[in-house]
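Below is a structure I'd like to ask you about.
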Amino acid sequence: MKNTTKVFATGLAAFALIGSMSACATSATTETATPSATAAAPAAWSYSGANGPDAWGTLDPAYATCTDGTAQSPIDITTTTPADLPNITFNYVAGEAGIFNNGHTVEAEPLMEGEDAITLDGVDYAFKQFHFHAPSEHAVNGTHYPLEVHFVHKTEDGKIAVVGVFVQEGAANPAWDPFIADIATATEDPEANKVQIDWAALLPTDQTTVRYDGSLTTPGCAEGVKWNVMTTPITMSADQIAAFAAAYDNNARPVQPVNGRVVTLDSTP
Ligand SMILES: [Zn+2]
């Protein structure tokens with residue numbers, strides 16, 4: 001059954017204006033927004049109920065890959081193949097961030113375009129934003145973490161690489177406090193919530209990754225995404241984790257079939 005409800009995505013329009021993008025949350029479905037005559041507005045989707053993950057592929061023709069795709073994300077990370085890979089180089093510069101709520105998660109994006117990037121397999125990807133899922137989207141041998149943060153990167157020609165970082169409960173992590181402080185008040189406008197973030201300090205010290213070819217984890221579930229999931233979680237206090245979950249506590253797509261994909265574990269010491 002096709003869902004014919006079309007909601008003008010003001011958050012998406014804001015994205016386009018600032019030239020940003022999102023791997024896992026590309027459309028904002030603000031239910032109170034004024035309906036638009038624009039036919040291009042994407043169908044509303046959610047994480048539960050009639051518009052939940054099982055239905056995504058039928059909600060809109062643009063979401064068909066969510067059902068038809070064979071290299072979807074997230075996955076349960078079980079069997080991995082060790083390989084001596086070049087480490088990911090993180091060129092993150094502490095600076096001003098805009099924090100916003102797109103209707104499916106809360107994101108932070110660097111407001112100085114082009115300062116931050118990673119190099120993965122010799123390719124430079126600009127850092128666009130991070131956002132979170134609660135609980136984690138990826139699992140490890142069937143076990144989920146309380147949170148997973150996705151650091152989203154994109155090349156000039158549109159290739160996407162995401163670095164996933166698991167969060168487990170433990171010591172408080174002050175580097176996250178500027179973001180956490182604004183989760184509850186974030187609106188759809190990143191210019192309305194500006195803070196200073198030391199992006200590099202958000203990452204685990206051990207940056208060993210599991211890598212595989214997957215997809216966006218939100219509609220339209222486009223494939224060709226280079227996934228890099230850090231094997232070492234970071235810690236946050238229970239109160240810090242609770243601040244994320246207070247905003248969204250069920251915004252994780254279920255794990256998808258691996259379908260024979262090679263999941264590589266970087267074995268570089
Ligand atoms: Zn995500």
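The values are calculated or read from the model by the stated rules, or taken from the named source; none is laboratory data. Quick caveat, the model's predicted, so the values are computed rather than measured. Methodologically, a virtual Cβ is constructed for each residue, glycine included, from the backbone with ideal geometry; neighbour enumeration extends over all protein chains shown.
Quick check on the range 102-112: of everything there that is in contact (Cβ under 8 Å) with a residue 60 or more places away in the chain and not in a strand (DSSP E or B), which residue is farthest from the ligand (Cβ to nearest atom)?
Looking only at the range 102-112, we keep the residues that are in contact (Cβ under 8 Å) with a residue 60 or more places away in the chain, and these are 102-111.
Cutting the leftovers down to not in a strand (DSSP E or B) gives us 102-105, 111.
Values: N102: 11, G103: 14, H104: 9, T105: 7, L111: 20 Å.
It comes out as L111.
Within the range 113-124, work out how many residues are in contact (Cβ under 8 Å) with a residue 40 or more places away in the chain and crowded, with 16+ Cβ neighbours inside 10 Å.
Final tally of qualifying residues: 3.
Quick one: which residue in A134, A184 is on the phi < 0 side of the Ramachandran plot, in contact (Cβ under 8 Å) with a residue 40 or more places away in the chain and surrounded by fewer than 22 Cβ atoms within 10 Å (Cβ to Cβ)?
So the residue among A134, A184 that is on the phi < 0 side of the Ramachandran plot, in contact (Cβ under 8 Å) with a residue 40 or more places away in the chain and surrounded by fewer than 22 Cβ atoms within 10 Å (Cβ to Cβ) is A184.
Tally time: how many residues in the range 216-231 are in contact with a Gly (Cβ under 7 Å, 6 or more places away or on another chain) and within 11 Å of the ligand (Cβ to nearest atom)?
The total comes to 2.
P135 passes all but one of (1) within 30 Å of D239 (Cα to Cα); (2) out of contact with any Phe, Trp or Tyr (no Cβ under 8 Å at 6 or more places or on another chain); (3) not aromatic (F, W, Y); which number fails?
(2)
Across the range 216-240, what is the number of residues that are among the charged types (D, E, K, R) and part of a helix (DSSP H, G or I)? Outline the logic, then answer.
Keep residues of the range 216-240 that are among the charged types (D, E, K, R), which gives 223, 226, 239.
Then drop every residue that is not part of a helix (DSSP H, G or I), which leaves 239.
Going through the range 216-240 one residue at a time, the tally reaches 1.
Is the range 103-116 home to any residue that is out of contact with any strand residue (DSSP E or B) (no Cβ under 9 Å at 6 or more places or on another chain) and more than 22 Å from D266 (Cβ to Cβ)? Give the steps one after another, and end with the answer.
Taking the range 103-116 as the starting set, the residues that turn out to be out of contact with any strand residue (DSSP E or B) (no Cβ under 9 Å at 6 or more places or on another chain) are 103.
Imposing the further condition that a residue be more than 22 Å from D266 (Cβ to Cβ) reduces the set to 103.
Looking through the range 103-116, at least one residue is out of contact with any strand residue (DSSP E or B) (no Cβ under 9 Å at 6 or more places or on another chain) and more than 22 Å from D266 (Cβ to Cβ).
Return the pairs, sorted by first residue and then second, in which the second residue is assigned to a strand (DSSP E or B) and among the aromatic types (F, W, Y), the first residue lies in the range 241-269 and is closer than 19 Å to V140 by Cα, the beta carbons are less than 6 Å apart, and the residues are 6+ apart or on different chains.
Close Cβ pairs (under 6 Å, with a partner that is assigned to a strand (DSSP E or B) and among the aromatic types (F, W, Y)) amount to R261/Y212; V263/Y212.
Give me a count of the residues in the range 48-71 that are aromatic (F, W, Y) and farther than 19 Å from H104 by Cα.
Keep residues of the range 48-71 that are aromatic (F, W, Y), which gives 56, 63.
Still in the list and also farther than 19 Å from H104 by Cα: none.
Number satisfying all stated conditions: 0.
Within the group A243, A252, which residue is among the hydrophobic types (A, V, I, L, M, F, W, C), modelled with pLDDT of 95 or more, under 16 Å from E148 (Cβ atoms) and part of a loop (DSSP other than H, G, I, E, B)? Working first, answer last.
Details: A243 fails: part of a loop (DSSP other than H, G, I, E, B).
The match here is A252.
Can you name the strands (runs of 3 or more DSSP E) wholly within the range 113-203 that have at least 1 residues being away from the ligand (no atom under 16 Å from the Cβ), modelled with pLDDT of 95 or more and not polar (S, T, N, Q)?
On the way: elements: 117-120, 123-133, 147-154, 160-169, 194-197.
Those strands (runs of 3 or more DSSP E) span 117-120, 123-133, 160-169, 194-197.
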